[in-house]
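Participant: Below you will find the structure I want to go over with you.
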Amino acid sequence: MKKKELTSTVYEYPSRQELTSQQSQLIDEARKAASTAYAPYSNFFVGAAVRLENQQIVHASNQENSAFPSGLCAERTAVFYANARYPQTPVIALAIAANNGEEPIKKPFPPCGACLQVLLESERRYQTPIEIILFGSEKIIVAENVEQFLPHGFTEVNLRDSDQ
Ligand code: THU
């Protein structure tokens, strides 16, 4: 038996003060994008903004459905749209923000497992890390790449059953 430990590093900020202007801008764009959410069932309005390598920003939001599993999170909507519309241009950063219809949420939350899996695929596909920026009005969390949240993710190497 061999114990294998993977570490995960995230950076927590009490406010935007120490963020770069690019990080702060992406948060603003994610907050704006939350206003396009269709979330009549959860009232959890999520906005995502992705920055492409050419600095272009793509916005998206969660889109719910009366058949609940048919809806899609803001992050997957954003990444699938960005990769479909601009397949030659890697995503380099993603910010997410949410509100309950009245005020922004206080505590940041990570993308769900399915979104992390999709983000990980995009990172591998373009061999470009995606910086993750999670906004809460009382705390902001930044990670340098998706792997910080999904260290044991399934990737293409697992399909080939090769040594990792
Ligand atoms: N949601 C997102 O858009 N992103 C997340 O990371 C977590 C959850 C959405 C899905 C659903 O529309 C609502 O938030 C409640 O789960």
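The values are calculated or read from the model by the stated rules, or taken from the named source; none is laboratory data. Please read these numbers as outputs of a predicted model, since none were measured by experiment. Because the Cβ atoms are built from the backbone with ideal geometry, glycine has one as well, and the counts that use them run over all protein chains shown. Only protein heavy atoms, including side chains, enter the accessible area calculation; ligands, DNA and RNA are left aside. Shrake-Rupley method; radii C 1.70, N 1.55, O 1.52, S 1.80 Å.
Participant: Checking the condition surrounded by 14 or more Cβ atoms within 10 Å (Cβ to Cβ), over 14 Å from Gly136 (Cβ atoms) and charged (D, E, K, R), which residue from Glu18, Glu5, Glu29, Glu102 passes? Walk me through how you get there before you give the answer.
Facilitator: Numbers: Glu18 fails: surrounded by 14 or more Cβ atoms within 10 Å (Cβ to Cβ); Glu5 fails: surrounded by 14 or more Cβ atoms within 10 Å (Cβ to Cβ); Glu102 fails: surrounded by 14 or more Cβ atoms within 10 Å (Cβ to Cβ).
So the residue among Glu18, Glu5, Glu29, Glu102 that is surrounded by 14 or more Cβ atoms within 10 Å (Cβ to Cβ), over 14 Å from Gly136 (Cβ atoms) and charged (D, E, K, R) is Glu29.
Participant: Further, regarding this structure: Against the condition more than 18 Å from Ser61 (Cα to Cα), open to solvent by less than 10 Å² (accessible area, probe 1.4 Å), out of contact with any strand residue (DSSP E or B) (no Cβ under 8 Å at 6 or more places or on another chain) and within 16 Å of the ligand (Cβ to nearest atom), how does Leu120 come out, does it pass? Can you show your working first?
Facilitator: Working: more than 18 Å from Ser61 (Cα to Cα): yes; open to solvent by less than 10 Å² (accessible area, probe 1.4 Å): yes; out of contact with any strand residue (DSSP E or B) (no Cβ under 8 Å at 6 or more places or on another chain): yes; within 16 Å of the ligand (Cβ to nearest atom): yes.
Criteria met by Leu120.
Participant: What are the pairs, 6+ residues apart or on separate chains, where a residue within region 15-42 that is among the hydroxyl-bearing types (Ser, Thr, Tyr) has its Cβ under 7 Å from a residue that is assigned to a helix (DSSP H, G or I) and open to solvent by 70 Å² or more (accessible area, probe 1.4 Å)?
Facilitator: Tyr41/Phe68
Quick grid of which residues meet (1) small (Gly, Ala, Ser); (2) within 25 Å of Gly113 (Cβ to Cβ); (3) open to solvent by less than 70 Å² (accessible area, probe 1.4 Å):
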| position | (1), (2), (3) |
| --- | --- |
| Ala34 | yes, yes, yes |
| Arg51 | no, yes, yes |
| Val58 | no, yes, yes |
| Ser66 | yes, yes, no |
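Participant: Looking only at region 127-146, which residues are of a type in the set (Ser, Thr, Tyr) and either within 19 Å of Leu72 (Cβ to Cβ) or open to solvent by 40 Å² or more (accessible area, probe 1.4 Å) (or both)?
Facilitator: Our first condition is that a residue be of a type in the set (Ser, Thr, Tyr); within region 127-146, this holds for 128, 137.
Ser137, the sole residue that qualifies.
Participant: Where the second residue is of a type in the set (Asp, Glu) and the first is more than 8 Å from the ligand (Cβ to nearest atom) and lies in region 44-65, which pairs have Cβ atoms under 8 Å and are six or more apart or on separate chains?
Facilitator: Pairs that qualify, where the first residue is more than 8 Å from the ligand (Cβ to nearest atom) and the partner is of a type in the set (Asp, Glu), are Gly47/Glu29; Ala49/Glu29; Ile57/Glu29; His59/Glu29; Ala60/Glu75.
Participant: If you don't mind, there's one more thing I want to ask. In the set Val157, Val79, which member is β-branched (Val, Ile, Thr) and within 13 Å of the ligand (Cβ to nearest atom)?
Facilitator: Val79
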